[in-house]
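**Student:** Below: one structure in structure tokens.
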Amino acid sequence: AWDNYNGNGIFIGVIDDGVDHQHPDLAPNYITQNSFDYCGNDTDAAPTDSDGDGVIDSHGTAVSGIAAGKGNNSIGIAGVAYEANIVGIRLVAANCTSDYSSDEAEALALNHQLDLVDIYTNSWGPNDNGSTLGAMGPLALAALEKGILEGRDGLGSIYTWANGNGRQNLDQSNKDAYANSRYTIAVGALNWKGQQTSFSEAGSNLLVSAPSYNNYEGVDSGIFTSDISGAEGANLTDYMFCCEESSYFSQESNEVPSMGGTSTATPMVAGVVALMLEANPSLTWRDVQHILVKTSKKVDHSHPGWFETYEGHDYNHAYGYGLVDATAAVNMAEIWETIGEELVVNTGEKRVDGNIFDDNDVGISSTITVNESIDIETIEILVNITHLYRGDLNVFLTSPNGVVSELVRANNDPGHHYRNWTFTSVAHWGENSFGDWTLKVNDTDSSYTGDLNTWNLTFYGYSALDKDNDNLSDYAENIIGTWPNTPDSDNDGLNDGDEITVLKTNPLKIDSDENGIKDNDED
């Protein structure tokens, strides 16, 4: 990819604990006048010793080097997008004091210099201890929505997000409202063998993966990146070999860990996206996701979690659509035609009020029939589940074609309930919404019974092929048995799409209720 693109002209905002803008491999790309410290409330986003341990925070500096460390300068390293601009956005330092609430500060950071920044890379999030259901504040959510609507002159800002490092705690990425937002690109981590690292969380929200390391294996290759320059860094070389730990950078835990984990993988994807945007500045935020889905590569072929999606892509809840491929991504970006307007289908709330038996694999299942037909990008599944030990629960969504999203698997979370919690799935990318969708909840450990109270599906996607323009996709017509080349299959004066979605009549029968009056003549 570097034969043609290096990130020139693209701005990457590093939302983290600060950026050492004096570092020789960062200073040439760092944009001082557009950076900001939301902890110190000033324009200097340089890191400090925020937790008083005598060591300057180095996390954001390491992230910056991976994404956009200066290339071709005969020193140190080159970032993935080595000519991209770096905008420092200091937010998540330990003991951060601010004039804003946490939610306000996050919102400001996520929209910082919205008219300038193309990509915001985020290697932080809720605590990955396995017992945290990491909600997002309303202001931060509104900021993400504003970013995808208004950023990049309406094409949408790109948000990359670390998928989480809590695998050893049985944590699940779909319990993190930042990483499972449809507005973000959730990134998992691989080791040098192309295998899921010991810490990288799984989830149906995971889109792609990128390299990191397994810290406990002495033979494992790591990632070489920028450290705090001078005597205050981890060593005197100004660079860091990643690393000693694989802690997820968490605001709640007030830790400033060594660089590593999915924190390493995420800025790599941000760098690849920068190359894509240089190749085609007209890409929307959704176009970027489409290209990553189509070009990422299957790895660790022996892993039992791989399956083929309805659209023919390889997907794995541990890897997403696989390892990001920069060359394939920029090549597709060069010729990509925008996917077009986003369509939304919401099913409305389905009330179940059914019991989830304790320690029973069968569990409870509920089905929603979807008559609208769009090709899917992301699905949001809003659930209300009552249970006094939610870590016992498995939640699955099965499509009409039998593709299964593992929304959450049993874990060690002792918390109560999933109340108004939104799970997300990208495992049905390119599949059609039309048909019966089934939610299954079971409790596979002995403790408490529970109840599936309500659930709701929202599909986000794009227009499905409809050759006869009858507002019923060819996909749906093939299932129903109507003619995809004829808008009124039963010749009753009503088009097939209206009969299915509006009138609820049979598009294959002139008189659906057999009362002697044609459908077209009934009120």
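The values are calculated or read from the model by the stated rules, or taken from the named source; none is laboratory data. In this text the structure is predicted, and so the values were computed from the model without any measurement. We place every Cβ from the backbone using ideal geometry, glycine too, and count neighbours over all the protein chains shown. With ligands, DNA and RNA removed, areas are computed over all heavy atoms of the protein, side chains included. Shrake-Rupley method; radii C 1.70, N 1.55, O 1.52, S 1.80 Å.
**Student:** Compute the semi-axes of the equivalent ellipsoid of the range 288-429, taking the square root of 5 times each eigenvalue of the Cα gyration tensor, and list them largest first in whole Å.
**Tutor:** In descending order, the three semi-axes are 31, 20, 13 Å.
**Student:** Of all GluC sites (Glu not before Pro) in the range 421-523, which ones are in loop regions per DSSP and have a Cβ with at most 14 other Cβ atoms within 10 Å?
**Tutor:** Loop-located and lightly packed - Glu514, Glu522.
**Student:** How would His301, His313, His387 line up by accessible area, probe 1.4 Å, largest first?
**Tutor:** Result, largest first: His301, His313, His387.
**Student:** Consider a paramagnetic label point 7 Å from the Cα of Asn41 along Cα→Cβ; state which residues of the range 82-96 have an amide N under 15 Å from it.
**Tutor:** In the range 82-96, the label zone of Asn41 (backbone N under 15 Å from the point 7 Å along Cα→Cβ) covers 96.
**Student:** Oh, and also: Over every pair of different alpha-carbon atoms in the range 386-523, take the mean of 1/r and invert it; report that Kirkwood radius in Å.
**Tutor:** Hydrodynamic radius (Kirkwood, Cα only) of the range 386-523 equals 17.9 Å.
**Student:** Compute and list, largest first, the equivalent-ellipsoid semi-axes of the range 320-373 from the alpha carbon gyration tensor, each √(5λ) rounded to a whole angstrom.
**Tutor:** Equivalent-ellipsoid dimensions as semi-axes: 40, 21, 7 Å.
**Student:** Can you give me the convex hull volume of the Cα atoms of the chain, divided per residue and expressed in Å³?
**Tutor:** Spread over its residues, the Cα hull of the chain gives 155 Å³ apiece.
**Student:** When all C-alpha to C-alpha distances in the range 393-472 are sorted into bins of 5 Å, what percent of pairs does each bin hold, rounded to whole numbers?
**Tutor:** Histogram of Cα-Cα distances, whole percents per bin: 3, 11, 22, 21, 16, 11, 7, 4, 3, 2, 1.
**Student:** How long, wide and thick is the range 52-184, going by the Cα atoms along their three principal axes, in whole angstroms, largest first?
**Tutor:** Cα extents, longest axis first: 46, 40, 31 Å.
**Student:** If you bin every alpha carbon distance in the range 474-523 into 5 Å steps from zero, what whole percent lands in each bin?
**Tutor:** Spelled out bin by bin, the range 474-523 gives 4, 25, 35, 22, 9, 4, 0 percent.
**Student:** Can you give the alpha-carbon Rg of the range 270-368 over 2.2 N^0.38 Å, where N counts its residues?
**Tutor:** Here the Cα radius of gyration is 1.49 times the empirical estimate.
**Student:** In debye, nearest 20, what is the charge dipole magnitude of the range 432-494 about its Cα centre with +1 on Lys and Arg Cβ and -1 on Asp and Glu Cβ, if you could check?
**Tutor:** My answer is approximately 240 debye.
**Student:** Still on this structure, please answer the following. Any chance you could give the angle, 0 to 90 degrees and rounded to 10, that helix 326-335 forms with the longest Cα principal axis of the chain?
**Tutor:** 50
**Student:** Modelled label-to-label distance, Ser98 and Thr398, 7 Å Cα→beta-carbon offset: nm?
**Tutor:** With each label placed 7 Å out from Cα toward Cβ, I get 4.4 nm.
**Student:** By how many degrees, between 0 and 90 and to the nearest 10, does the Cα long axis of helix 262-279 differ from the longest principal axis of the chain?
**Tutor:** 80
**Student:** Here's another thing I want to ask about it. Suppose every Lys and Arg Cβ carries +1 and every Asp and Glu Cβ carries -1, with no other charges. What dipole size does the range 299-343 come out with about its Cα centre, to the nearest 20 debye?
**Tutor:** Rounded to the nearest 20 debye, it is 200 debye.
**Student:** Could you give each residue of the range 222-229 its phi-based ³J(HN,Hα) in whole Hz, using Karplus coefficients 6.51, -1.76, 1.60 with θ = phi - 60°, and x for Gly or Pro?
**Tutor:** Whole-Hz 3J(HN,Hα) from phi for the range 222-229: x, 10, 9, 8, 6, 10, 4, 6.
**Student:** Please report, in whole Å, how far the alpha carbons of the range 117-212 spread along each principal axis, starting with the longest.
**Tutor:** 39, 29, 19
**Student:** Identify, among Thr48, Ile77, Gly65, the residue whose Cα sits farthest towards the positive end of the charge dipole of the range 1-128, taking +1 on the Cβ of Lys and Arg and -1 on the Cβ of Asp and Glu, with the dipole about the Cα centre.
**Tutor:** The residue sitting farthest along the positive end of the dipole is Ile77.
**Student:** In whole percent, what relative contact order does the chain give with Cα contacts below 8 Å and a gap of six or more residues?
**Tutor:** 13
**Student:** Roughly what % of DSSP beta bridges within the chain run antiparallel, to the nearest 5?
**Tutor:** So the antiparallel bridges in the chain amount to around 65 percent.
**Student:** Let me ask you something else. For the chain, what does the helix formula give at 222 nm: sum of -39500 (n - 2.57) over DSSP H segments with n ≥ 4, over the residue count, nearest 500 deg cm²/dmol?
**Tutor:** Mean residue ellipticity, 222 nm, calculated: -4500 deg cm²/dmol.
**Student:** Could you give the radius of gyration (one decimal) and Dmax (whole number) of the Cα atoms in the range 99-159, in Å?
**Tutor:** 12.5, 40
**Student:** Here is a follow-up. Working with all protein chains in place, sort Glu349, Glu278 by solvent-accessible area computed with a 1.4 Å probe, largest first.
**Tutor:** Glu349, Glu278
**Student:** How high is the relative contact order of the range 286-427, given as a whole-number percent (alpha carbon pairs under 8 Å, six or more residues apart)?
**Tutor:** Once divided by the residue count of the range 286-427, the mean separation gives 20 percent.
**Student:** On to the next question. Treating the beta-carbon of each Lys and Arg as +1 and of each Asp and Glu as -1, no other charges, what is the dipole magnitude of the range 341-493 about its Cα centre, to the nearest 20 debye?
**Tutor:** 600
**Student:** Can you give the three extents of the C-alpha atoms in the range 1-108 along their principal axes, from longest to shortest, in whole Å?
**Tutor:** Rounded to whole Å, the extents work out to 45, 30, 20 Å.
**Student:** Moving on. List the residues, sorted by chain then number, that are 5 or more residues from Gly166 or on another chain and whose placed amide H is less than 5 Å from its amide H.
**Tutor:** Here the answer is Glu201, since their amide H atoms fall under 5 Å of that of Gly166.
**Student:** Given a 1.4 Å probe, how much area per residue of the chain is accessible, in Å²?
**Tutor:** On a per-residue basis, the chain sits at 38 Å².
**Student:** Give me the percent of the accessible area of the chain that comes from carbon and sulfur atoms, probe 1.4 Å, all protein chains in place.
**Tutor:** Answer for the chain is 46 percent, counting heavy atoms of protein chains only.
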